[in-house]
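Q: A single structure is presented below for examination.
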Amino acid sequence: MQFNEGLRMKQPTLPLRRPDMPCSSLVARRRLMLAGMAALTSWAAPFAAAQQCRATPRDQLGPFYTRGAPEQADLCASGSGGKERMQVGGRVLGADCKPLAGALVEVWHADANGDYSQFTRGKKDDPACLLRASIKTDAEGRYTFASIIPAEYPGRPRHIHYRVSHAAHATLVTQLYFTGDRGAVEGLTAVLQRDVQGVARASFDITLNRA
């Protein structure tokens, strides 16, 4: 059975009292109808919660992952990797939809030329723009980081790699894509919206499976 979160229930019309109907009968009928509505609501709630708590789809790790990325909130403080800035944030949730404090969010992506730090021959890495970070979620499961907008390169749309881990939960490897980009993976996209300062912002929540 598929539950449509957007389903709108038509409110039933409570019966009018007929002249020959005792008040007690009318009250009983109304109570029965209200009880039925309450039962329907309680039945629907678990389905709505299940839709909200679906685990984030997995995606490929890729060849450019390295352990031990620095703990930092800005992946390119120097700005040498590109001119267009972005801010990405979201929450890490468990299978029960509760926020996970202390989850490790590892992120990495290419620069404006499609190059990855530590993997491009003949190119010296900028320590202030490695485009890699290890981030711990706060008490409400939130994470945030600043960086430059990555480039697309042959065969790949713009994307950010994620590796998210937490005790008692399965480690998730996935990627974030941007809405409207050709080749973006459905279910793993976020809209980039620019603020008045010209900074592009995106929100990406992540739900982990139990281990």
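The values are calculated or read from the model by the stated rules, or taken from the named source; none is laboratory data. Small disclaimer: the values here were computed from a predicted structure and weren't measured. Quick reminder, even Gly has a Cβ in these numbers, built from the backbone with ideal geometry, and neighbours come from all protein chains shown. Calculation scope for accessible area: heavy atoms of the full protein, side chains included, ligands and nucleic acids excluded. Shrake-Rupley method; radii C 1.70, N 1.55, O 1.52, S 1.80 Å.
Q: In segment 117-156, whose amide N lies under 20 Å from the spot 7 Å out along Cα-to-Cβ of Asp96? List them in ranges.
A: Under 20 Å, as judged by backbone N against the label point of Asp96, lie 137-142 of segment 117-156.
Q: Considering only protein heavy atoms and a probe of 1.4 Å, how much of the accessible area of segment 141-211 is carbon and sulfur, as a whole percent? Don't skip to the answer; put the middle values down first.
A: Working: 1690 of 3470 Å².
Here it works out to 49 percent.
Q: So for each of 120-129, 70-79 I average, over its residues, the number of other beta carbons within 10 Å; can you give me the resulting order with the highest mean first? Provide the component values of the computation, followed by the final result.
A: Values: 120-129: 11.9, 70-79: 15.7.
Taking the mean over residues of other Cβ atoms within 10 Å, the ranking is 70-79, 120-129.
Q: State the percentage of accessible surface on segment 62-135 attributable to carbon and sulfur atoms; use a 1.4 Å probe and exclude ligands, DNA and RNA.
A: Numbers: 1840 of 3660 Å².
Heavy-atom surface of segment 62-135 belonging to carbon and sulfur, 1.4 Å probe: 50 percent.
Q: What nm value, rounded to one decimal, do you get for the distance between Asn113 and Thr179 when each label is placed 7 Å out toward the C-beta?
A: 3.3
Q: Compute the accessible area per residue over segment 59-211, keeping the other protein chains in place, probe 1.4 Å, unit Å². Could you put the intermediate results ahead of the total?
A: On the way: 7740 Å² over 153 residues.
Ligands and nucleic acids excluded, the figure is 51 Å² per residue.
Q: Would you mind listing how long segment 94-153 runs along its three principal axes, going by Cα atoms, in whole Å with the largest first?
A: 46, 23, 17
Q: Still on this model: By a straight-distance test (C-alpha under 15 Å), which aspartates and glutamates pair with Lys136 as possible cross-link partners, with residues fewer than eight away in the same chain excluded?
A: The qualifying aspartates and glutamates are Glu71, Asp74, Glu106, Asp205.
Q: How about Lys83: which aspartates and glutamates have a C-alpha closer than 12 Å to its C-alpha, ignoring those fewer than 8 places off in the same chain?
A: Within reach: Asp111.
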